[in-house]
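Input: a single structure, listed below in structure tokens.
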Amino acid sequence: MVAFWVIFAAFVFWAVPFFPWGMSSDDYSAEVLLGLFLLGCCPGVTAIALLARSIAAQRREALVAWASIYDKTTGLRNREFFLDRLQLQCELARDLEEYRVGLILLSIDELPRDGQKPQPANDDVLRRVGAHIARQLRPNDLLAATSSTEMAILVSDGSEAALCAVASRIEHSLQVRIKGLAGDAAARLTIEMGLAMLDSGDLGPEALLESARSRLSPVYSAMQDMPAA
């Protein structure tokens, strides 16, 4: 920086014709002025290039971080990140006897109108449902997409009563808002919910998910909105 400012000062004293040394006003032609203008553009273009490169690097890092944490379909945290957090919570629960870990699993399917077997709900429905559920959670709870049809909620440091309270709030909000969330597919959605508590030191993330999956029961079914025969 010292060398830069010394050379810049020398250039100014040399190029400005008001000083008794260096170039005079007679030395300035159109070609010289153009040359000085182009020379002056070089630092500016260099600064812009370096700034743009820094911004591009930051955005690239942000995209990599987003891709490693979030699911591109739902915008929720992805399965790998969720399982890592769940593993940490399980280890903490094993070390602290009074620490409890709860899990809520939601399965979302769409029933075809021709009566065939359920299929995964479309991406827009998953995004809307996921965003709605996220607004019902406490700050320390974690929502993630664990598959194309499932969402899981990690209820940290909660008793069985707290887990049931969170599940009840989500169930009620889904039943009230499901038509607005699902749009045209409202009459064809089936949502199931399962709860599990870490009550054994041998349970890990996958076992806890399987425990919640085995207890799935309907929260909202397409049959609720279908007229009686």
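Between helix 79-95 and the chain there is an angle of about 70 degrees, using the helix long axis and the longest principal axis of the Cα atoms.
What does the highest-first list of 127-135, 31-39 look like by mean Cβ count within 10 Å?
On the way: 127-135: 17.1, 31-39: 10.4.
Highest mean packing first, the order is 127-135, 31-39.
3J(HN,Hα) along the stretch 31-38: 5, 5, 4, 4, x, 5, 5, 5 Hz, from the Karplus curve 6.51 cos²θ - 1.76 cosθ + 1.60 with θ = phi - 60°, whole Hz, x for Gly and Pro.
With the simple model of a label 7 Å out from the Cα in the direction of the Cβ, GLU91 to SER25 spans 7.8 nm. With a simple spin-label model that places each label point 7 Å from the Cα along the Cα-to-Cβ direction, the separation between LEU63 and CYS164 comes to 4.9 nm. Students often get this wrong: which residues of the stretch 47-63 have the backbone nitrogen under 14 Å from the point 7 angstrom along Cα-to-C-beta of PHE8? Zone members listed by number: 47-48. Taken along its three principal axes, the alpha carbon spread of the chain comes to 100, 51, 25 Å, from the longest extent down to the shortest. Using the Cα coordinates of the stretch 1-116, the gyration tensor eigenvalues translate into equivalent-ellipsoid semi-axes of 67, 24, 7 Å, sorted from longest to shortest. I'd like the trypsin sites (Lys or Arg not before Pro) in the stretch 1-102 restricted to DSSP loop residues with at most 12 other Cβ atoms within 10 Å, sorted by number. Sites meeting the loop and neighbour criteria: LYS72.
Measuring only protein heavy atoms, the 1.4 Å probe finds LEU50 accessible over about 110 Å².
The values are calculated or read from the model by the stated rules, or taken from the named source; none is laboratory data. On a predicted model such as this, the values are computed, not experimentally measured, just so you know. Note that we place each Cβ from the backbone using ideal geometry, even for glycine, and neighbour counts take in every protein chain shown. Ligands, DNA and RNA are stripped out before the accessible areas are found, and what is left, the full protein with its side chains, is counted by its heavy atoms. Shrake-Rupley method; radii C 1.70, N 1.55, O 1.52, S 1.80 Å.
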